[in-house]
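The values are calculated or read from the model by the stated rules, or taken from the named source; none is laboratory data. In this text the structure is predicted, and so the values were computed from the model without any measurement. Because the Cβ atoms are built from the backbone with ideal geometry, glycine has one as well, and the counts that use them run over all protein chains shown. The protein model used for the area step is the full one, side chains on, heavy atoms only, and it has no ligands, DNA or RNA in it. Shrake-Rupley method; radii C 1.70, N 1.55, O 1.52, S 1.80 Å.
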Amino acid sequence: MISRRPGTVLVGTVVVVVTVLSGLAWPAVAAAGGKSQLAKTSRRCPRASYGAHFYAPGRGKTVALTFDDGPGRSTAAILKVLARYRVPATFFNIGVNVAVRPGLVRKEVRAGYAMGDHTWDHPNMNLLPAASQAREIDRMNAKLKAVAHARACAYRPPYGNYDAVALSLAQHRRMSVWLWSVDTQDWMADGSGSSFWVNRIIRLAEREGGALRHPVVLMHNQPAGNPATVSALPVIIRFFRSHGYRFVRL
């Protein structure tokens with residue numbers, strides 16, 4: 001599914017991390033040795049295939065949890081939930097938001113979560129010429145490297161909009177293009193943490209994700225915060241785990 005969010009106001013760059021390695025096992029959450037974890041993350045990306053990917057990698061039943069538009073006010077809470085359940089995830093951050101909250105990005109990297117490039121300030125890339133698209137991607141990745149010594153090997157175009165130019169730019173940069181197959185529409189809660197929105201997010205994740213063998217679940221992590229997403233996340237994790245899914249990074 002493609003999520004359309006007209007009028008989205010962002011405070012930062014969207015970083016999308018897409019990893020082409022299939023079936024990555026969840027690394028232990030780093031308690032110490034943060035510097036070595038950061039150094040390892042900054043290595044060159046593997047070669048990327050051409051085209052967009054919608055389904056989680058790996059054998060058996062796998063699921064990838066992804067968070068767009070961060071970091072934001074709910075990032076720390078999301079990280080606590082993921083750490084509690086020892087679940088991997090991929091963060092597609094926005095460059096301008098990385099600039100505002102660099103410490104949270106460093107925490108994501110040190111904990112072993114995958115970093116993605118979601119552009120610098122979340123434009124509709126289909127409306128931009130090649131040079132502008134390249135700047136959006138490169139500026140975000142440069143900020144990620146500057147604040148966390150990390151490299152994004154995954155790219156998620158804003159709104160899921162991409163063209164042949166975007167695919168070529170990503171492949172040339174050894175970045176896989178990752179979209180999603182399950183849309184929780186959590187951004188529609190608009191900062192509300194009410195039970196209505198929490199249950200709606202859970203219902204969409206379970207209904208759409210449970211029907212797939214390799215779902216990529218789209219959630220959000222905007223600057224203003226996503227309390228409903230934080231509340232729904234433990235239930236979503238327990239659902240997939242109880243149904244035999246293995247959590248993977250992209």
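Could you do me a favour and compute the accessible area per residue for region 124-223, 1.4 Å probe, result in Å²?
Values: 4020 Å² over 100 residues.
In whole numbers, region 124-223 has 40 Å² accessible per residue.
Using the Cα centre of region 38-150 as origin and beta-carbon charges of +1 (Lys, Arg) and -1 (Asp, Glu), tell me which of Val147, Ala83, Thr62 is placed farthest towards the positive end of the dipole.
About the Cα centre, the residue reaching furthest to the positive side is Ala83.
Within the accessible area of region 93-250, what % is carbon and sulfur when the probe is 1.4 Å and the other protein chains stay in place? Mind showing how you got there, number by number?
Numbers: 3090 of 5790 Å².
C and S fraction of accessible area: 53 percent.
Taking the radius of gyration and the Kirkwood hydrodynamic radius from Cα positions alone, what is the Rg/Rh ratio for region 82-169, to two decimal places? Don't skip to the answer; put the middle values down first.
Working: Rg = 13.2 Å, Rh = 13.3 Å.
Taking Rh as the inverse mean 1/r over Cα pairs, Rg/Rh reads 1.00.
Nearest 20 debye, what's the magnitude of the dipole of region 131-214 about its Cα centre given +1 on Lys and Arg Cβ and -1 on Asp and Glu Cβ? Walk me through the numbers on the way to the answer.
Values: 12 positive and 8 negative charges, 84 e Å.
Magnitude of the dipole: close to 400 debye.
List the residues whose amide H sits under 5 Å from the amide H of Ala224, counting only those 5 or more places along or on another chain, with H placed 1.01 Å from N in the peptide plane.
Arg73
What size of dipole, in debye to the nearest 20, comes out for region 33-182 about its Cα centre when the only charges are +1 on Lys and Arg C-beta atoms and -1 on Asp and Glu C-beta atoms? Walk me through the intermediate numbers first.
On the way: 23 positive and 8 negative charges, 183 e Å.
For this selection, approximately 880 debye.
Radius of gyration and Dmax for region 158-250's Cα atoms, expressed in Å?
Spelled out, the Cα radius of gyration and Dmax of region 158-250 are 15.0, 44 Å.
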